[in-house]
Amino acid sequence: MKAFFTTAILFISLILSRAQMQTPIPLWPNGAPNALGTNDFDIPTITPYLPDATNATSAAMVICPGGGYGGLAPHEGNDYALWLNQHGVTCFVLKYRLGSHGYRHPAMLNDAARAVRWVRAHSEDYKIDTHRVGIMGSSAGGHLASTLLTHFDAGDKNSGDLIEQQSSRPDLGILCYAVITMGELTHRGSKENLLGKNPSPELVQNLSNELQVTTNTPPCFLWTTFEDTVVPMENTMMFAEALRKNHVPFALHVYEKGRHGMGLHDKAPFANPHPWAADCLFWLKEQKFVN
């Protein structure tokens with residue numbers, strides 16, 4: 001038993017030390033478009049988390065932490081990345097610009113799109129398959145992920161920036177208790193931070209992502225809980241219904257128990273996470289993202 005605990009402690013220490021070694025990379029080396037300043041919060045970045053080379057699957061995930069478009073929750077970024085690393089997925093945690101620092105749409109979407117393009121442009125450096133680049137988000141980060149899943153483009157092949165030549169379309173999406181709509185059932189704080197106090201009806205409709213699903217929207221894994229009192233489960237259900245109507249494959253899980261914002265409901269080495277984690281891994285195996 002003592003040997004077991006010693007091994008567990010060493011394993012946790014290794015994971016935590018690896019997390020501390022990660023270095024954020026600015027998405028735009030010369031400054032983000034329409035940046036309001038040069039502070040840390042004006043510089044969107046991605047932080048790579050690399051799996052063990054012997055376990056790597058060549059799949060990648062861009063991870064958008066939640067926080068109501070006013071902050072970024074570490075356990076919905078760092079922890080997800082470490083968990084997916086265990087299963088061979090190379091992860092990139094996105095630090096996107098926030099409404100709490102004066103940014104509004106489309107700054108956040110531009111950051112997410114740039115992140116997916118950046119990963120594809122650097123695929124050889126990280127040994128990534130450019131056709132297996134997903135996006136994952138929780139709560140408001142789930143809204144950002146669902147926005148890119150429905151507002152992507154093929155890239156600008158005439159751009160002098162090799163990153164901008166890449167497609168921003170994720171190959172799949174994972175949406176965790178996500179804000180989806182900007183309508184009646186939205187999360188009010190997220191909506192205000194993203195769109196301001198008095199957005200136009202057209203902007204509200206454009207960022208209500210259940211209304212923007214098409215047959216070209218990527219496959220998705222969706223989960224939420226009955227107990228969520230912050231972001232109503234109807235957000236997830238509306239997106240699932242839109243995917244169904246457009247014949248887009250998806251997996252949907254509604255769990256009875258679980259508070260909003262719980263993430264994995266566990267810490268490294270993730271021996272007992274919430275059941276959604278196992279369900280998600282099963283789905284990722286079907287998508288050939290994990291072995």
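Throughout, read-outs are computed from the coordinates displayed, never taken from laboratory work. In this text, all values refer to a predicted model and were calculated from it rather than measured experimentally. Here Cβ is always computed from backbone atoms with ideal geometry, including for glycine, and neighbour counts include all displayed protein chains.
For segment 276-291, in order, what is each residue's ³J(HN,Hα) by Karplus, 6.51 cos²θ - 1.76 cosθ + 1.60 with θ = phi - 60°, in whole Hz (x at glycine and Pro)?
With coefficients 6.51, -1.76 and 1.60, one gets 4, 5, 5, 5, 5, 4, 4, 5, 5, 5, 4, 8, 6, 8, 10, 8 Hz.
Assuming R0 = 35 Å, what is the FRET efficiency of residue 202 and residue 282, from their Cβ-Cβ distance, to the nearest 0.05?
On the way: r = 40 Å, r/R0 = 1.13.
The calculated FRET efficiency here is 0.30.
Between residue 216 and residue 100, how many nm apart are label points set 7 Å from Cα along the C-beta direction?
Taking the two extended label points, one gets 3.6 nm.
Can you tell which of 70, 56, 178 lies farthest toward the positive end of the dipole of the chain, using +1 and -1 charges on the Cβ of basic and acidic side chains (Lys, Arg; Asp, Glu)?
My answer, from the dipole projection, is 56.
Once you charge only the Cβ atoms, +1 for Lys and Arg and -1 for Asp and Glu, what is the size of the charge dipole of segment 95-192 about its Cα centre, to the nearest 20 debye?
With only Lys, Arg, Asp and Glu charged at Cβ, the dipole is about 200 debye.
Which residues' amide hydrogens lie under 5 Å from the amide hydrogen of residue 220, considering only partners 5 or more residues apart or on another chain, with H built in the peptide plane?
The list, which skips near neighbours in sequence, is 173, 250, 251.
Arrange the peptides 239-249, 192-202, 97-107, 178-188 so that the one whose residues have, on average, the most other Cβ atoms within 10 Å appears first.
My ranking of the peptides, most packed first, is 178-188, 97-107, 239-249, 192-202.
What length, rounded to one decimal in nm, is gained on full extension from residue 265 through to residue 188, with 0.36 nm per residue of separation minus their alpha-carbon distance?
25.2 nm is the gain from fully extending residue 265 to residue 188.
Per DSSP helix of 4 or more residues, -39500 (n - 2.57); summed, then divided by the residues of the chain. What does that give at 222 nm, rounded to the nearest 500?
-10000 deg cm²/dmol
Exceeding 23 Å between C-alpha atoms, which entries from my cross-link table qualify? They are 95/267; 95/191; 127/288; 157/191.
The answer is 157/191.
Once each part is reduced to its C-alpha centroid, what is the distance from segment 86-126 to segment 150-219 in angstrom?
So the separation of the two Cα centres works out to 13 Å.
If you wrap segment 11-151's Cα atoms in a convex hull and average its projection over all directions, what's the area in nm²?
So the Cα hull casts an average projection of 8.1 nm².
As a test, work out the antiparallel percent of DSSP beta bridges whose residues both lie in the chain, rounded to the nearest 5.
25
Could you tell me which of rounded, prolate or oblate describes segment 77-173, using a ≥ b ≥ c as the square roots of the eigenvalues of the alpha-carbon gyration tensor, with rounded for a/c under 1.5 and, failing that, prolate when a/b is larger than b/c and oblate otherwise?
Judged from the Cα gyration tensor, segment 77-173 comes out oblate (a/c at least 1.5, b/c at or above a/b).
Report the FRET efficiency, 1/(1 + (r/R0)^6), for residue 165 and residue 53, where r is their Cβ-Cβ distance and R0 is 30 Å, rounded to 0.05.
Using R0 = 30 Å, I get an efficiency of 0.60.
Using just the C-alpha positions of the chain as equal point scatterers, what log10 of I(q)/I(0) does the Debye formula give at each q in 0.07 1/Å?
The calculated log intensity ratios at q = 0.07 Å⁻¹ are -0.24.
What is the dipole size for segment 2-286, taken about its Cα centre, with +1 at each Lys and Arg Cβ and -1 at each Asp and Glu Cβ, in debye to the nearest 20?
260
Under 10 °C and 1.306 mPa s, how fast does segment 130-281 diffuse according to Stokes-Einstein, given a Kirkwood radius computed over C-alpha pairs? Answer in µm²/s, whole number.
Answer from the Stokes-Einstein relation: 98 µm²/s.
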